[in-house]
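To start, the structure under review is shown below, and the notes come after it.
The values are calculated or read from the model by the stated rules, or taken from the named source; none is laboratory data. Worth saying up front: this structure is predicted, and the values here are computed from it rather than measured. Here the Cβ is made from the backbone with ideal geometry for all residues, glycine too, and neighbour counts use every protein chain on show. The area values use the complete protein model at the heavy-atom level, side chains included, leaving out ligands, DNA and RNA. Shrake-Rupley method; radii C 1.70, N 1.55, O 1.52, S 1.80 Å.
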Amino acid sequence: MASEELARKLQRRLAAEQAAAPTPAPDPAEGETPAKGSEPGTPETPGTTDAAAAAADDDSSTSSSTASSELTAKLTRRLDINDGIAAPRRSKVFNPYTEFKEFSRKQIKEMEAMFKRFDSGKDGFIDLMELKLMMEKLGAPQTHLGLKNMIKEVDEDFDGKLSYREFLLIFHKAAAGELEEESGLMALARLSEIDVSTEGVMGAKDFFEAKMQALSVGSKFEAEIREEKEERKKQEQDRKERRAAFKELQSTFCS
């Protein structure tokens, strides 16, 4: 399996890093050259050499332990992802046009412009105070707790603010019927879609009304196609019946 192969690779890497760890310095008492800077005949302070060696051993052990912990954590997470226990971390870069296919390019551009307009800090996020200002300008002010609940409902990374993707997620949930009718997010979705729907979706006053209208038009179009097919089938059947009647009449005269 892929997870077992990955586990073996990481284990081999861990073993290689442990083998490459620096070896402790040799004890000068065993006949090695005295350390640089020491003078011949100068008595060494008792325990100095042993302390230096112990410190080197501790540093080597700490480095090896840290590497082992990091690799173990990576291996565990990768195995959990492969087993479906943990979800992979979402990349910070995403393509809204492919991820939110229910919206047109014009609608996404309008929502992006709206996001940037209310991102007064220009940091790529809408925080609590910026959301408060947005809801006030849209004519649907919220309490402090209400604002926090609005963010919490789409805050996938739990940072207490709205990224551009999380902002689009509001409209995705609204279009999918996943928001409470009286929630602050539903009010935001309805009120903030006015500009988009006026130009982008057949001139409707409300985005969701426009979406229902588009579905209705699509259904009517499909119904007309079915009627045309039925009419063609009926005409073809009439022609067959007329040809059959003509052949029967012709055979009567020729007999």
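Listed peptides 170-178, 114-122 appear in the order 170-178, 114-122 once ranked by packing, highest mean of other Cβ atoms within 10 Å at the front.
Going through the cross-link list K101/K132; K101/K233; K106/K173; K109/K161; K109/K173, which pairs have a Cα-Cα distance over 25 Å in this structure? Listed pairs above 25 Å: K101/K132; K101/K233. Of the listed residues Y164, Y97, the order by accessible area with a 1.4 Å probe, largest first, is Y97, Y164.
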